[in-house]
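To start, the structure under review is shown below, and the notes come after it.
The values are calculated or read from the model by the stated rules, or taken from the named source; none is laboratory data. Bear in mind the structure is a predicted one, so any value in this text is a computation, not a measurement. Note that each Cβ is placed from the backbone with ideal geometry, even for glycine, and that neighbours are counted across all protein chains shown.
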Amino acid sequence: MAQRPQKKPVLKPEDRYCYFCVNAFKDIDYKKTDLLSKFISPYMKILPRKRMGTCATHQRKLANAIKRSRFMALQPYTNAQ
């Protein structure tokens, strides 16, 4: 019988904490573009929860705030270079 290949050890990801929970944010304001830009990639995409560590509730609020700031022309939709 052929042996099964060994499973790779599962690496424990770094502990990430929700930035908004730790700093006790009540609302995520679309007008704070400097804060929102931390959660946007250089290609102007909204970064996922796995990468940033935000909780589900704040990720939804963050996405809405970013979309509102784009609609109000406070942030660009694309990286125009």
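In table form, for the structure just shown:
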quantity: Cross-chain or 6+ apart pairs with Cβ under 6 Å, the stretch 23-38 first and farther than 10 Å from K61 by Cβ and in contact (Cβ under 8 Å) with a residue 40 or more places away in the chain, then in a loop (DSSP other than H, G, I, E, B) and not small (G, A, S); calculated: T33/L74; T33/Q75
quantity: Any hit, the stretch 30-39, residues being within 12 Å of the chain's Cα centre (by Cα), surrounded by 10 or more Cβ atoms within 10 Å (Cβ to Cβ) and among the aliphatic types (A, V, I, L, M); calculated: yes
quantity: Pair list, Cβ < 8 Å and 6+ apart or interchain, from the stretch 59-81 residues that are within 19 Å of P42 (Cβ to Cβ) to residues that are among the polar types (S, T, N, Q) and outside any loop (DSSP other than H, G, I, E, B); calculated: S69/T33; L74/T33; Q75/T33; Q75/S37; Q75/S69
quantity: Total residues in the stretch 16-65, condition assigned to a helix (DSSP H, G or I) and either within 21 Å of Q81 (Cβ to Cβ) or acidic (D, E) (or both); calculated: 6
quantity: Checklist (1) at pLDDT 95 or above; (2) out of contact with any Cys (no Cβ under 9 Å at 6 or more places or on another chain); (3) surrounded by 12 or more Cβ atoms within 10 Å (Cβ to Cβ) applied to Y19, failing item; calculated: (1)
